[in-house]
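The values are calculated or read from the model by the stated rules, or taken from the named source; none is laboratory data. These figures come from a predicted structure and were not determined experimentally. Note: ideal-geometry Cβ built from the backbone for every residue, glycine included; neighbour counts use all protein chains shown. Ligands, DNA and RNA are excluded from the accessible area calculation, which covers all protein heavy atoms including side chains. Shrake-Rupley method; radii C 1.70, N 1.55, O 1.52, S 1.80 Å.
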Amino acid sequence: MFGREVQFHVFDTFEPAYEAKNDQQMILEFVPKGETVQTWTRMITFSAFKGPGSAPVSTAEMQQRFFNTGQGCEVANFSRVIASGRLANGTEYNLSSNGCGSTAAGGYPGAVSGRGEQFIALLLRDDQNVAVLQYAERGAGFDADKPPIGDAAVEALMSRFRSIAFCRSKAISGDCSIAFSAR
């Protein structure tokens, strides 16, 4: 990922479903076996962006710009920070819970009116780049104050990735900081 290495474990029956990249960004999507990027009920997404890490905004503001958008929601969306800080190697992180209790038809390609979607996002930011690891669930609509994944369950969910490491170079060595580790 743009001169860096990110490591995480894909759990359960998730398998690669989509990949795209160019000189400025990349995305990898994983869905449970038998599902597609259109019909998913759960999805793991890893995306990386070259350059926005140097933007003159805080990591918290960046998280809000990335995830706190109401486009595609029939009801108010939510985006709240669960944890944030700085890793040993200087990389900033922001773990958030985000979602839409009821999507609007046409809000994005394949959107179905009334369906609820929630995703937990770990945003990692160094002095140049941004990487985001997300776990999402899609299903019945829900109240924004009662999402399927409550804040208290986020740590257990993230532990399913085992450890999430962000390394300052492509070589796997001692220059990796653990952004999350199962305890």
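The table below gives the values:
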item	result
³J(HN,Hα) computed for each position of segment 146-161 - Karplus, 6.51 cos²θ - 1.76 cosθ + 1.60, integer Hz, glycine/proline x	9, x, x, 10, x, 3, 5, 8, 5, 4, 5, 4, 5, 5, 5, 7
Neighbour net charge for residue 30 - beta-carbon separation under 13 angstrom, K R +1, D E -1	-2
Estimated vicinal HN-Hα couplings, Hz - segment 137-142 in sequence order (Karplus 6.51, -1.76, 1.60; Gly, Pro = x)	10, 10, x, 5, x, 8
Accessible area per residue in Å² at 1.4 Å probe, computed on segment 5-178	48 Å²
Sum of side-chain charges, residue 59 neighbourhood, beta-carbon under 11 Å (Lys, Arg +1; Asp, Glu -1)	0
Using θ = phi - 60° and Karplus 6.51 cos²θ - 1.76 cosθ + 1.60, couplings along segment 60-75 (whole Hz; Gly, Pro as x)	5, 5, 4, 4, 5, 5, 5, 10, 9, 10, x, 4, x, 9, 7, 10
Dmax and Rg, reported as Rg then Dmax, of the chain (C-alpha, Å)	16.0, 48
Sum of side-chain charges, residue 141 neighbourhood, beta-carbon under 14 Å (Lys, Arg +1; Asp, Glu -1)	-2
Highest-MSF residue in the chain out of 129, 98, 22 [GNM, Cα springs under 10 Å]	22
Estimated 222 nm signal from helices in the chain, with DSSP H stretches of n ≥ 4 weighted -39500 (n - 2.57), rounded to 500	-2000 deg cm²/dmol
Descending principal axes extents, segment 40-139, alpha-carbon based, whole Å	42, 24, 23
Sulfur and carbon atoms: percent of accessible area, the chain [1.4 Å]	51 percent
Accessible-area order (highest first, 1.4 angstrom probe) of the listed residues 135, 108, 18	18, 108, 135
